[in-house]
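Structure first, commentary second.
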Amino acid sequence: MILYLDMVSGIAGDMALGALVDLGVPMEWLTRKLSCVVKGFELRTEIVFPSHLRAVNLYVDVTDNTAHRHYRDIKKMIQEADLPEGVRQNSLKAFGKIAEAESRIHGKKIESVHFHEIGGIDSLVDIMGTFLAIDYLGVTRVVASPIPLGSGSIECAHGRIPVPVPATLAVLKGIPVTGSDAKTEIVTPTGAAIVATLAQGFGPMPAMQIQATGYGAGKRDTGSSAPNVLRMVLGRQPEQAAGSCHILRDRVWVLTTNVDDMSPELMGHAMGILMEKGALDVSVAPVTMKKSRPGMRLEVVCREADSQDLAAVVLTQTSAIGLRCQPCDRMILNRECLTMQAPPETGLGQIQVKSVTGLDGIKRLVPEYEACRKKAEELGVSLRAVYDRLGAVLNPIGDSGRPNPLDREQVRLYKTKDGGN
């Protein structure tokens with residue numbers, strides 16, 4: 001599924017969650033899933049009509065006013081929570097972006113950053129709830145409009161500060177923004193982190209077959225001529241020509257650099273950090289450089305929103321003093337991440353896999369390396385053992401002696417209730 005974020009009047013966490021509820025995410029399910037991670041809140045909604053547009057106004061009523069948390073506390077909470085892996089990684093990434101911004105602004109170490117707003121229960125619910133809802137809807141691609149920013153100033157824990165607030169600007173580094181006639185804050189740090197984490201591209205609405213539209217209402221009088229809403233459009237990839245109906249197109253960024261004065265050990269370390277920071281793919285190949293020197297070519301494939309941060313990793317973790325950056329259109333097979341319940345005899349329990357649709361329309365399931373690695377550590381068995389157990393389930397051998405990819409009905413036998421769609 002494709003999700004388009006149309007930021008008519010910016011974005012805040014409650015606006016994002018309200019729009020997703022309007023798209024059909026059940027409030028009861030959302031509350032139940034969040035209550036397993038965060039305590040002391042209740043969710044409620046009301047239908048409002050800003051500029052005669054029906055929208056969902058979502059409230060997070062805090063019933064436990066505990067002290068605000070440090071980044072290390074939030075990070076530990078997410079890492080230990082029972083969340084789908086994609087939701088966990090997105091949550092860690094979003095909070096990490098805000099923590100890095102606050103760390104630079106206040107001159108503190110990132111682990112000791114004390115959040116005044118983002119550490120509150122309402123912000124925790126907004127961010128993790130948004131990623132849970134995205135997972136529930138089976139969204140695999142998110143595109144956003146350029147982000148409109150407000151003006152003026154607002155009161156916060158540090159006194160009166162200009163809009164956009166420093167944390168929002170820091171989180172949106174490298175992301176397309178535009179001005180607006182709003183006279184107050186319309187993009188919060190929480191909203192900025194959600195967009196920076198989710199959006200794989202920025203611009204007009206992509207080609208899609210629209211399935212639903214959701215509106216999330218803001219709570220401020222912005223002084224703008226535009227209604228204070230966030231619009232989300234959910235759709236499916238449009239059918240392409242025969243023989244290529246399962247080929248999708250999107251745009252990524254490719255960062256490339258050559259080095260000839262760096263050890264392979266340090267390069268391996270840099271590759272690991274790049275993947276942790278959100279790179280889609282990282283590869284190294286041997287090359288012959290000037291003066292016939294043997295060297296390494298590092299290539300990083302990433303989303304536009306992550307390109308600045310990943311370029312910084314390359315320039316700090318390798319000996320490179322420059323790199324090439326270019327946008328690149330790519331063609332990919334349709335894929336989706338699922339959480340499946342493996343048969344009892346495998347002893348694997350719940351584990352994440354990827355469903356890939358071939359050009360012939362047949363779906364096949366493939367193991368996710370990181371999920372298998374963690375499962376092997378959890379069970380105290382070899383990684384190969386986990387792959388072997390999954391292999392018999394994902395691709396059973398048919399009468400022909402060749403693997404038979406599972407069809408959609410068979411996938412449902414193993415997919416958990418909260419798996420992706």
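Tabulated values for the structure
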read-out: Unique match (being small (G, A, S) and touching a Lys or Arg at 6+ places or on another chain (Cβ under 6 Å)) among A270, A285, A311, A342; value: A285
read-out: In the stretch 66-85, residue modelled with the lowest pLDDT [restricted to those that are over 16 Å from L34 (Cβ atoms) and under 19 Å from the mean Cα position of the chain (by Cα)]; value: Y71
read-out: Condition check for A167: in contact with a helix residue (DSSP H, G or I) (Cβ under 7 Å, 6 or more places away or on another chain), more than 24 Å from N57 (Cα to Cα), touching a residue at least 60 places away in the same chain (Cβ under 8 Å) and surrounded by 21 or more Cβ atoms within 10 Å (Cβ to Cβ); value: yes
read-out: Of residues in the stretch 283-310 being within 20 Å of the chain's Cα centre (by Cα) and of a type in the set (A, V, I, L, M, F, W, C), the one surrounded by the fewest Cβ atoms within 10 Å (Cβ to Cβ); value: V301
read-out: Check on S382, polar (S, T, N, Q), over 30 Å from T256 (Cα atoms) and modelled with pLDDT of 85 or more; value: yes
read-out: Some residue of the stretch 67-83 being in contact (Cβ under 8 Å) with a residue 60 or more places away in the chain and surrounded by 18 or more Cβ atoms within 10 Å (Cβ to Cβ); value: no
read-out: Tally of residues being under 14 Å from Y387 (Cβ atoms), in contact with a Phe, Trp or Tyr (Cβ under 7 Å, 6 or more places away or on another chain) and of a type in the set (S, T, N, Q) across the stretch 333-355; value: 0
read-out: Listing of strands (runs of 3 or more DSSP E) fully contained in the stretch 311-364 that carry 3 or more residues being crowded, with 17+ Cβ neighbours inside 10 Å; value: 335-341, 350-357
read-out: The stretch 202-228 residues that are assigned by TED's automatic domain parsing to the domain that holds I147, paired with ones that are at pLDDT below 90 and assigned to a strand (DSSP E or B) (beta carbon under 7 Å, 6 or more apart); value: M208/R236; Q209/R236; Q211/R236
read-out: Candidate set: the stretch 207-224, residues that are of a type outside the set (V, I, T) and more than 21 Å from T188 (Cβ to Cβ); chosen: the one surrounded by the most Cβ atoms within 10 Å (Cβ to Cβ); value: M208
read-out: Tabulated pairs, the stretch 251-265, first in the same structural domain as G295 (by TED's automatic domain parsing) and among the charged types (D, E, K, R), second surrounded by 16 or more Cβ atoms within 10 Å (Cβ to Cβ) and in a helix (DSSP H, G or I), C-beta under 8 angstrom, 6+ apart or interchain; value: R251/E304
read-out: Residue that is farthest from L198 (Cα to Cα), among those in the stretch 263-279 that are touching a strand residue (DSSP E or B) at 6+ places or on another chain (Cβ under 7 Å) and buried (at least 16 other Cβ atoms within 10 Å of the Cβ); value: M267
read-out: Failed item, numbered, when K375 is tested on (1) crowded, with 16+ Cβ neighbours inside 10 Å; (2) modelled with pLDDT under 85; (3) charged (D, E, K, R); (4) assigned to a helix (DSSP H, G or I); value: (2)
read-out: So R408, is it at pLDDT below 80, surrounded by fewer than 19 Cβ atoms within 10 Å (Cβ to Cβ) and not aromatic (F, W, Y); value: yes
read-out: Pick from the stretch 28-48, criterion of a type outside the set (D, E), surrounded by 12 or more Cβ atoms within 10 Å (Cβ to Cβ) and free of Cβ contacts under 8 Å to residues at least 40 places away in the same chain, ranking: farthest from D82 (Cα to Cα); value: T45
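The values are calculated or read from the model by the stated rules, or taken from the named source; none is laboratory data. What you are looking at is a predicted structure, and each value in this text was computed from that prediction instead of being measured. Heads up, the Cβs are rebuilt from the backbone with ideal geometry, glycines too, and the neighbour counts pull from every protein chain shown.
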